[in-house]
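Visitor: Quick one: this structure, given as structure tokens, is what I'll be asking you about.
The values are calculated or read from the model by the stated rules, or taken from the named source; none is laboratory data. Bear in mind the structure is a predicted one, so any value in this text is a computation, not a measurement. Cβ atoms come from the backbone with ideal geometry, glycine included; neighbour counts cover every protein chain shown.
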Amino acid sequence: PPENIQISAVRLEVMEGEILDDLVCSASAHPLANYEWRIDGNLVARGPVLSFNSSLSRAMGGNYTCVVMNRHGIARATVSITVLHRPVCEMLKDYTDEGNVVLSCRSSANPAAFNFSWFRNNDSIFSETRENNRQESIIALSGSNPNVYGKYSCIAANDIGASDPCSLDLTALPCE
């Protein structure tokens, strides 16, 4: 079977939008072997060279496996590509049984978002730094206070940058 299989890189962290150098897979094999590149089991390229012809998106991260095969057997090697990107956030609202409203700002980011900034009608109202990987910030508002109504926005940030603001309008609580 093919032996001494190697990939030109073992672990890669790249910024979203960068163009990655070709990955080259090599092995010792007699007779000559065929090469395939797979991600999550799906064939993405044939041949020893995997070319990224466009800038990387976060969806392109994952474990890329080079499969080398000839009539004597199969060998594999895997490289992990991690795509770093600034957060994308979404804001959700929920109501408690007590008639209060809970706003949550959820983030998708790599690395994890660590800072969340909240605004009401474009005025800063709250900021927090997270030290764990929980990519969510929550604020609770009193439903009996009419001053809580307005446009709420959240911005999540990590080492790469800040999200575009995600927001929602809080106009009235549901009828009891």
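Visitor: Take ILE139 and decide whether it is in a loop (DSSP other than H, G, I, E, B) and under 21 Å from VAL88 (Cβ atoms). Write out each step before concluding.
Guide: Working: in a loop (DSSP other than H, G, I, E, B): no; under 21 Å from VAL88 (Cβ atoms): yes.
Considered against the rule, which asks whether it is in a loop (DSSP other than H, G, I, E, B) and under 21 Å from VAL88 (Cβ atoms), ILE139 comes out as no.
Visitor: In the set GLU18, GLU36, GLU13, which member is charged (D, E, K, R), crowded, with 18+ Cβ neighbours inside 10 Å and under 19 Å from SER80 (Cβ atoms)?
Guide: Details: GLU18 fails: crowded, with 18+ Cβ neighbours inside 10 Å; GLU13 fails: crowded, with 18+ Cβ neighbours inside 10 Å.
Step by step, each of GLU18, GLU36, GLU13 is checked, and only GLU36 is charged (D, E, K, R), crowded, with 18+ Cβ neighbours inside 10 Å and under 19 Å from SER80 (Cβ atoms).
Visitor: Given the conditions (1) buried (at least 17 other Cβ atoms within 10 Å of the Cβ); (2) touching a Leu at 6+ places or on another chain (Cβ under 8 Å); (3) aliphatic (A, V, I, L, M), and given that ALA156 satisfies all but one, which numbered condition is not satisfied?
Guide: (2)
Residue-by-condition table, conditions (1) on the phi < 0 side of the Ramachandran plot; (2) in contact (Cβ under 8 Å) with a residue 40 or more places away in the chain; (3) not in a loop (DSSP other than H, G, I, E, B):
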| position | (1), (2), (3) |
| --- | --- |
| VAL68 | yes, yes, yes |
| HIS85 | yes, yes, yes |
| GLY99 | no, yes, no |
| LEU103 | yes, yes, yes |
| SER108 | yes, no, yes |
| SER117 | yes, yes, yes |
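Visitor: Let me ask you something else. Would you check which residues across the stretch 104-127 are modelled with pLDDT of 95 or more and among the aromatic types (Phe, Trp, Tyr) and list them?
Guide: Answer for the stretch 104-127, where residues must be modelled with pLDDT of 95 or more and among the aromatic types (Phe, Trp, Tyr): PHE116, TRP118, PHE119.
Visitor: Any chance you could count how many residues in the stretch 21-33 are in a loop (DSSP other than H, G, I, E, B) and either within 27 Å of the chain's Cα centre (by Cα) or surrounded by fewer than 12 Cβ atoms within 10 Å (Cβ to Cβ) (or both)?
Guide: Number of matching residues: 5.
Visitor: What do you reckon, is LEU141 at pLDDT below 95, on the phi < 0 side of the Ramachandran plot and surrounded by 15 or more Cβ atoms within 10 Å (Cβ to Cβ)?
Guide: Spelling it out, LEU141 is indeed at pLDDT below 95, on the phi < 0 side of the Ramachandran plot and surrounded by 15 or more Cβ atoms within 10 Å (Cβ to Cβ).
Visitor: Looking at the stretch 43-62 only, could you name the residues that are more than 15 Å from VAL79 (Cα to Cα), of a type outside the set (D, E, K, R) and out of contact with any Phe, Trp or Tyr (no Cβ under 8 Å at 6 or more places or on another chain)?
Guide: ASN53, SER54, SER55, LEU56, SER57, ALA59
Visitor: Can you confirm whether ALA157 is under 30 Å from VAL14 (Cβ atoms), among the aliphatic types (A, V, I, L, M) and out of contact with any Ser or Thr (no Cβ under 9 Å at 6 or more places or on another chain)?
Guide: Considered against the rule, which asks whether it is under 30 Å from VAL14 (Cβ atoms), among the aliphatic types (A, V, I, L, M) and out of contact with any Ser or Thr (no Cβ under 9 Å at 6 or more places or on another chain), ALA157 comes out as no.
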